[in-house]
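Engineer: I am attaching a structure below and will ask some questions about it afterwards.
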Amino acid sequence: MFWQDKVVFLTGASSGIGEALALAIAKRGAALGLVARRRELLDDLADRCRKFDIKVRVFPLDVTDEEALYEAADEMRAEFGRIDILIANAGIGGNDEETRAYTPRAVRKVIDTNLIGAVNAVHAVAPQMAERGSGHLVAISSLAGFRGLPKSAAYSASKAGMTAFFESVRLDLKHSGVDVTIIQPGFIRTPLTSGRTNKMPFLMELDDAIPLFLKAIEKKKKFAAFPWQLATLVRAGKIMPAWLYDRIAGRARYRE
Ligand SMILES: NC(=O)c1ccc[n+]([C@@H]2O[C@H](COP(=O)([O-])OP(=O)(O)OC[C@H]3O[C@@H](n4cnc5c(N)ncnc54)[C@H](OP(=O)(O)O)[C@@H]3O)[C@@H](O)[C@H]2O)c1
């Protein structure tokens, strides 16, 4: 019953985790606002979601466009009366050569999309949630945000920033009736991780991962990290001295 008649605003809905989450949430009876840049994919997804007899709006926009995102949230509120849940999921991997070479323009794109895009989304919904005394902010962060990873400087930084940002927001909104959930997945097979030839440890299929996302949101967990095997390793890495961490993490080749 958790999702029935909820109003969910989901960024990064056009593929991968966002697309699969949209369908799972639609199946459970929530109304959806779907945000991403590729309109034709959003329209197609919206049609598939409507088969579950729910209301869907699509917002083809770039999450780095603060005003466009705010206007989209406003349209959702005007049509549905409120936004109950924000899922800030839009993100890019930054696995191109420019980003790996620390080219500032390329690194900025990753940070702008993954971190500032989520900030824009929070700014578009959190004040109204706090005023209403209820709401739920969900960040799709990453295990890559626990500590720096090789060939992942921009991505790790963006996700570390995202985790810290949402944790601070949770503290700020502690007594406002707004919950904050930070989800930190490991590797999931989606367009973001496709094309990598090396083995990604404990790679999950979307079908296995989606129930874990839903459960974390339904239980209003403060943090949810999975799969548990990789989450345990990453947590151990967090408390390792740098010399030991460098030996172990420095060998990782999963981005290639
Ligand atoms: N797959 C994994 O292993 C994994 C692990 C941990 C965390 N994550 C996180 O999960 C989230 C979803 O990733 P995914 O694996 O599902 O990748 P994906 O299939 O590439 O999906 C990324 C989504 O973000 C949207 N997006 C990207 N840039 C955007 C922008 N500037 N404005 C609006 N939308 C934008 C894309 O839509 P458009 O291109 O149409 O805009 C797409 O819908 C990301 O934040 C990612 O960092 C993924």
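Engineer: Within region 116-206, list the GluC sites (Glu not before Pro) lying in a DSSP loop whose Cβ has at most 13 other Cβ atoms in a 10 Å radius.
Structural biologist: Loop-located and lightly packed - Glu205.
Engineer: Suppose all protein chains stay in the model; what accessible area per residue would a 1.4 Å probe give for region 143-252, in Å²?
Structural biologist: Counting only protein heavy atoms, the per-residue value for region 143-252 is 54 Å².
Engineer: Accessible surface of Thr232 in the full protein assembly, 1.4 angstrom probe, to the nearest 10 Å²?
Structural biologist: Approximately 70 Å² of Thr232 is accessible to the 1.4 Å probe.
Engineer: Still on this model: Placing +1 on the Cβ of each Lys and Arg and -1 on the Cβ of each Asp and Glu in the chain, which of Asn198, Ser141, Thr181 has its Cα farthest towards the positive end of the resulting dipole?
Structural biologist: Checking the options against the dipole of the chain, the answer is Asn198.
Engineer: In Å², what does the accessible area per residue of region 1-95 work out to with a 1.4 Å probe?
Structural biologist: Value returned for region 1-95: 44 Å² of accessible area per residue.
Engineer: Another question about this same structure. At 1.4 Å probe size, with the rest of the protein present, what percent of the exposed accessible area of region 1-69 is carbon and sulfur atoms?
Structural biologist: 44
Engineer: Another one. Between Val180 and residues 5 or more places away or on another chain, which pairs have amide H atoms under 5 Å apart, with H built 1.01 Å from N, and which residues are they?
Structural biologist: Under 5 Å from the amide H of Val180 lie the amide H atoms of Leu137, each far enough along the sequence or on another chain.
Engineer: With an 8 Å Cα cut-off and a minimum separation of 6 or more residues, compute the relative contact order for the chain in percent.
Structural biologist: Dividing the mean separation by the residue count of the chain yields 17 percent.
Engineer: Would you mind telling me the share, in percent, of accessible area of region 156-256 contributed by carbon and sulfur at probe 1.4 angstrom?
Structural biologist: Carbon and sulfur: 58 percent of the exposed surface of region 156-256.
Engineer: Sticking with this structure for a sec: If you plug each phi of region 134-144 into the Karplus form 6.51 cos²θ - 1.76 cosθ + 1.60 with θ = phi - 60°, what whole-Hz ³J(HN,Hα) values come out, in order, with x for Gly and Pro?
Structural biologist: Once rounded to whole Hz, the list reads 7, x, 8, 9, 10, 9, 8, 8, 6, 4, 5.
Engineer: Working with all protein chains in place, sort Lys220, Lys6, Lys238, Lys27 by solvent-accessible area computed with a 1.4 Å probe, largest first.
Structural biologist: Output order, biggest surface exposure first: Lys27, Lys238, Lys220, Lys6.
Engineer: Additional query: What aspartates and glutamates sit close enough to Lys151 to cross-link, taking a C-alpha to C-alpha distance under 20 Å and skipping anything fewer than 8 places away on the same chain?
Structural biologist: In chain and number order, the partners are Asp96, Glu97, Glu98, Asp112, Asp246, Glu256.
Engineer: Something else about it: Can you put His136, His123 in order of accessible area, largest first, using a 1.4 Å probe?
Structural biologist: Ranking His136, His123 by accessible area, largest first, yields His123, His136.
The values are calculated or read from the model by the stated rules, or taken from the named source; none is laboratory data. A quick note: this is a predicted structure, and the numbers were derived from the prediction, not measured. Cβ atoms come from the backbone with ideal geometry, glycine included; neighbour counts cover every protein chain shown. In case anyone asks, the SASA skips ligands and DNA or RNA and just uses the protein heavy atoms, side chains included. Shrake-Rupley method; radii C 1.70, N 1.55, O 1.52, S 1.80 Å.
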